[in-house]
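The values are calculated or read from the model by the stated rules, or taken from the named source; none is laboratory data. Source: prediction; values computed, not measured. Virtual Cβ from ideal backbone geometry, glycine too; neighbours counted across all protein chains shown. Quick note on the areas: whole protein, heavy atoms, side chains included, nothing else; ligands and nucleic acids left out. Shrake-Rupley method; radii C 1.70, N 1.55, O 1.52, S 1.80 Å.
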Amino acid sequence: VQLQASGGGLVQAGGSLRLSCSASGSASSINVMEWYRQAPGKQREFVAYINKVGTTNYADSVKGRFTISRDNAKNTMYLQMNSLKPEDTAVYYCNARTLLYNIWGQGTQVTVSS
């Protein structure tokens with residue numbers, strides 16, 4: 001399985017962005033998909049989770065502002081980010097877990113200006 005993240009960019013505070021993460025290869029084996037982020041000088045942190053049946057979970061810092069979704073037919077996961085804050089600035093990474101593997105995509109930069 002390979003993951004390709006896209007959709008990052010520069011946005012003003014209060015704005016919105018939608019990130020996408022497309023899976024290729026044996027994408028049907030993916031059970032869980034997640035978004036993580038890493039701000040400069042900080043550790044990578046969990047953002048959101050979605051499993052194959054659509055159960056979701058969010059970090060407290062993004063609850064009510066971010067929405068994770070998944071289109072299993074397109075093997076793609078999304079992260080709709082609304083009401084963005086400067087503290088959301090980070091490189092966002094997608095992650096996929098199968099029974100055997102934990103796969104990371106390359107990051108996509110999100111920059112929120114104040």
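Considering only segment 44-60, how many residues are surrounded by 15 or more Cβ atoms within 10 Å (Cβ to Cβ) and modelled with pLDDT of 95 or more?
Summing the residues that are surrounded by 15 or more Cβ atoms within 10 Å (Cβ to Cβ) and modelled with pLDDT of 95 or more in segment 44-60 gives 8.
Please go through segment 28-47 and pick out each residue that is without any contact (Cβ under 8 Å) to a residue 60 or more places away in the chain and aliphatic (A, V, I, L, M).
Ala39, Val47
Of everything in segment 7-24, what is in a loop (DSSP other than H, G, I, E, B) and farther than 18 Å from Tyr78 by Cα? Give them in sequence order.
Result: Ala13, Gly14.
With the requirement that a residue be part of a loop (DSSP other than H, G, I, E, B), over 23 Å from Asp60 (Cβ atoms) and open to solvent by less than 40 Å² (accessible area, probe 1.4 Å), what does segment 98-114 give you?
Thr98, Gly105, listed by residue number.
In contact with a Phe, Trp or Tyr (Cβ under 6 Å, 6 or more places away or on another chain), part of a strand (DSSP E or B) and surrounded by fewer than 16 Cβ atoms within 10 Å (Cβ to Cβ): is that true of Asn95 in this structure?
Criteria not met by Asn95.
Give the residue, chosen from Ser22, Ser6, that is surrounded by fewer than 16 Cβ atoms within 10 Å (Cβ to Cβ), of a type outside the set (Phe, Trp, Tyr) and in contact (Cβ under 8 Å) with a residue 40 or more places away in the chain.
On inspection, the qualifying residue turns out to be Ser6.
Within the group Gly7, Gly41, which residue is on the phi > 0 side of the Ramachandran plot and more than 13 Å from the chain's Cα centre (by Cα)?
Just one listed residue meets the conditions, Gly41.
For segment 32-90, give me each residue that is of a type in the set (Val, Ile, Thr) and in a strand (DSSP E or B).
Result: Val32, Val47, Ile50, Thr56, Thr67, Ile68, Thr76.
Of everything in segment 9-19, what is hydrophobic (A, V, I, L, M, F, W, C) and surrounded by 13 or more Cβ atoms within 10 Å (Cβ to Cβ)? Give them in sequence order.
Hits for segment 9-19 are Val11, Ala13, Leu17, Leu19.
Picking from Ser69, Ser61, Ser83, which residue would you name as being touching a residue at least 60 places away in the same chain (Cβ under 8 Å) and of a type in the set (Ser, Thr, Tyr)?
Testing whether each residue is touching a residue at least 60 places away in the same chain (Cβ under 8 Å) and of a type in the set (Ser, Thr, Tyr) leaves just Ser83.
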